[in-house]
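Some notes on the structure that comes next.
The values are calculated or read from the model by the stated rules, or taken from the named source; none is laboratory data. If you're wondering where the values come from, they're calculated on a predicted model, not measured in any experiment. Note that each Cβ is placed from the backbone with ideal geometry, even for glycine, and that neighbours are counted across all protein chains shown. Just so you know, the surface numbers come from the protein's heavy atoms only, side chains and all, with ligands and any DNA or RNA stripped out. Shrake-Rupley method; radii C 1.70, N 1.55, O 1.52, S 1.80 Å.
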Amino acid sequence: MEALLQQIEQYKQEIHNTPVNGTESLEVYRIRFLGTKGIVKNLFTEMRNVPADRKKEFGQILNEFKQLAETKYEEWKTQVEVQPDVIDTGFDLSLPGTEFPVGSRHPISLMRNRMIEIFQRLGFSVAEGPEIEDDWHNFTALNLPEHHPARDMQDTFYIQQQPDWLLRTHTSNIQIREMEKGKLPLRIVCPGRVYRNETISARSHCFFHQIEGLYIDEHVSFADLKQTLYYFVQEMYGKDIKVRFRPSYFPFTEPSAEMDISCLLCNGKGCSVCKKTGWLEILGCGMIHPKVLENCGIDSNKYSGFAFGMGIERPALLKYDIKDIRLFSENDARFLKQFTAAT
Ligand SMILES: [Zn+2]
């Protein structure tokens, strides 16, 4: 009998010390104390071993104990029903979590990657080069004569402390650097940022992006140039696209041409974007001038090649229907977020 009373005291302590947390532990508690084979039930069966003169006393203690166990259970159950998650984990899982914005690719990167990917399919690899360049790699090696207007302070950013250095005005410096390495044949595309001293407006900026391409091997002809670029615009704008080449002049190519594509918006009928012509100018190209090959130590009698270059901003403006080029560099999250799902 005394041992039983001691045992009940221990159970009471256990009930007091059991923390009220969670639906699972509530069920464990219920089975342990109030289940059909639980402690309360077992104690009642002990009743028959209690001497007759103490049965009343024991019954009373047992009833109090039973009540204690039941009260604890009821309290616990009520709390679990009100806020089950808070009790389960200590956290309110229904609260919104901390968001980690993953960002999105910049529209210029999207366009650049798309262009690169098309040329990679034709076996072109990607080459990169410095944005701060010397006169030789940006101008002289490319056959730009001393008096060429591009060298003018009005158009080029020169480095004040080192007048031979400048911010590259095109990505052609990469082509020169790759040609100088002397590994032929050479088939590369050169994407990158370029700088020109231009007034910033909705249509032009003092820096923008270009992608240039270069292919040098024996017997490379203008037909290879045309086919390569035709493949590119078909992949880029669809099989129905029309192209035309117009003769042009660049110091580093001979012959030189501008390539137009039929206007993407009016399909060649004429609209405000194509200035009623039905054509959009997208790139300049030509056969590499023998002088440029020689400048880079390549035998122009043995090797020939073509080169082309285009801006990345303009196709991106057209594709995503953006009206102002300045949006590309303002880092306005409201603008950039719109390209989360763009390709
Ligand atoms: Zn048009």
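Cut-off under 28 Å on the C-alpha distance; same-chain residues fewer than 8 positions from K181 excluded. Which lysines are left, in chain and number order?
The qualifying lysines are K226, K291, K302.
Under 13 Å between alpha carbons, and skipping anything fewer than 8 positions from K55 in its own chain: which aspartates and glutamates qualify?
E2, E46
Filter the chain for me: DSSP H helices, axial length by Cα at least 18 angstrom, mean Kyte-Doolittle hydropathy not below -0.5. List them by residue number.
The answer, listed by residue number, is 107-121, 222-237.
Would segment 176-256 count as rounded, prolate or oblate if I go by the C-alpha gyration tensor, calling it rounded below 1.5 in a/c and otherwise prolate when a/b exceeds b/c, oblate otherwise?
Working: a/c = 1.82, a/b = 1.19, b/c = 1.53.
Oblate shape, in that a/c is at least 1.5 and b/c is the bigger or equal ratio.
Starting from 0.36 nm per residue, how many nanometres of slack lie between K37 and L4 once their C-alpha separation is accounted for?
Numbers: separation 33, 0.36 × 33 = 11.88 nm, distance 1.73 nm.
Working it through step by step, the gained length comes to 10.2 nm.
Kindly identify segment 215-277 as rounded, prolate or oblate by the Cα gyration tensor criterion: order the square roots of the eigenvalues as a ≥ b ≥ c, call it rounded if a/c is under 1.5, otherwise compare a/b with b/c, prolate if a/b is larger, else oblate. Don't skip to the answer; put the middle values down first.
Values: a/c = 3.55, a/b = 1.65, b/c = 2.15.
Oblate shape, in that a/c is at least 1.5 and b/c is the bigger or equal ratio.
Can you compute 3J(HN,Hα) from phi for each residue in segment 259-268, using the Karplus curve 6.51 cos²θ - 1.76 cosθ + 1.60 with θ = phi - 60°, rounded to whole Hz and x for Gly and Pro?
For segment 259-268, the Karplus-derived couplings read 10, 10, 10, 4, 4, 6, 8, 10, 6, x Hz, x marking Gly and Pro.
Would you work out the relative contact order for segment 263-331, in percent, from Cα pairs under 8 angstrom that are 6 or more residues apart? Present the calculation step by step, with values, prior to reporting the outcome.
Numbers: 59 pairs, mean separation 14.8, N = 69.
Averaging sequence separation for qualifying contacts and normalising by length gives 21 percent for segment 263-331.
Can you bin the chain into rounded, prolate or oblate? Criterion: square roots of the alpha carbon gyration tensor eigenvalues sorted a ≥ b ≥ c, rounded for a/c under 1.5, prolate for a/b above b/c, oblate for the rest.
Cα axes put the chain in the prolate bin.
Lys/Arg Cβ at +1, Asp/Glu Cβ at -1, dipole of segment 63-211 taken about the Cα centre: which of T140, H205, V189 is farthest positive-ward?
T140
Measure off 7 Å from each Cα along the Cα-to-Cβ vector at F335 and M153, then give the distance between these two points in nanometres to one decimal.
3.1 nm
Run the quick spin-label model on K226 and E198: label points 7 Å from Cα toward the beta carbon, then report their separation in nm to one decimal.
3.0 nm
Among S256, W279, C266, whose Cα projects farthest towards the positive end of the dipole of segment 232-316, with charges put on the beta-carbon of Lys, Arg (+1) and Asp, Glu (-1)?
It is C266.
For V126, what residues show an amide H to amide H distance below 5 Å, using hydrogens built from the backbone and excluding near sequence neighbours?
When sequence neighbours closer than 5 places are left aside, the close amide H contacts are V189.
Please compute the net charge surrounding R203, taking Lys and Arg as +1 and Asp and Glu as -1 over other residues with Cβ under 11 Å from its Cβ. All intermediate terms of the calculation are to be shown ahead of the outcome.
On the way: positive: R314, K323, R326; negative: E198, E313, D324.
The answer is 0.
Tell me the carbon and sulfur percent of the accessible area for the chain, rounded to whole percent, probe radius 1.4 Å.
On the way: 10000 of 19730 Å².
Here carbon and sulfur together make up 51 percent of the probe-accessible area.
Kindly report the accessible area of segment 231-312 per residue (heavy atoms of protein chains, probe 1.4 Å, no ligands, DNA or RNA), in Å².
Numbers: 3920 Å² over 82 residues.
Solvent-accessible surface per residue comes out at 48 Å².
Give the lysines whose C-alpha is closer than 22 Å to that of K276, dropping any in the same chain fewer than 8 places away, or say none.
K242, K319, K323
State the extension gain, in nm to one decimal, for the chain segment bounded by H219 and M236, taking 0.36 nm per residue of separation less the distance between their alpha-carbons. Don't jump to the answer; show the numbers that get you there.
On the way: separation 17, 0.36 × 17 = 6.12 nm, distance 2.71 nm.
Length difference between fully extended and current span is 3.4 nm.
Just want to confirm a number: the relative contact order over segment 109-265, from Cα pairs under 8 angstrom separated by 6+ residues, in percent. Let's see the in-between values first.
Details: 216 pairs, mean separation 32.0, N = 157.
Reported relative contact order: 20 percent.
Would you calculate, for the chain, the mean residue ellipticity at 222 nm contributed by helices, counting each DSSP H stretch of 4 or more residues as -39,500 (n - 2.57) and dividing by all residues, to the nearest 500?
Details: 12 runs with 127 residues, N = 343.
The helix contribution divided over the chain gives -11000 deg cm²/dmol.
Normalised by the number of residues in the chain, what is the relative contact order in percent for Cα pairs under 8 Å and 6+ residues apart?
Numbers: 493 pairs, mean separation 52.2, N = 343.
Relative contact order of the chain: 15 percent.
Solvent-accessible area per residue for segment 174-225 at a 1.4 Å probe radius, Å²?
Working: 2370 Å² over 52 residues.
Here the per-residue accessible area is 46 Å².
Students often check this: by mean Cβ neighbours within 10 Å, which of 160-173, 241-254 ranks highest, and how do the rest follow?
160-173, 241-254
For segment 1-78, with only Lys/Arg (+1) and Asp/Glu (-1) charged at the beta-carbon, what is the dipole magnitude about the Cα centre, in debye rounded to 20? Walk me through the numbers on the way to the answer.
Numbers: 12 positive and 12 negative charges, 56 e Å.
In debye, rounded to 20, segment 1-78 gives about 260.
What share of Cα pairs, in percent, lie more than 25 angstrom apart in segment 232-343?
Working: 2567 of 6216 pairs.
So the pairs more than 25 Å apart make up 41 percent of the total in segment 232-343.
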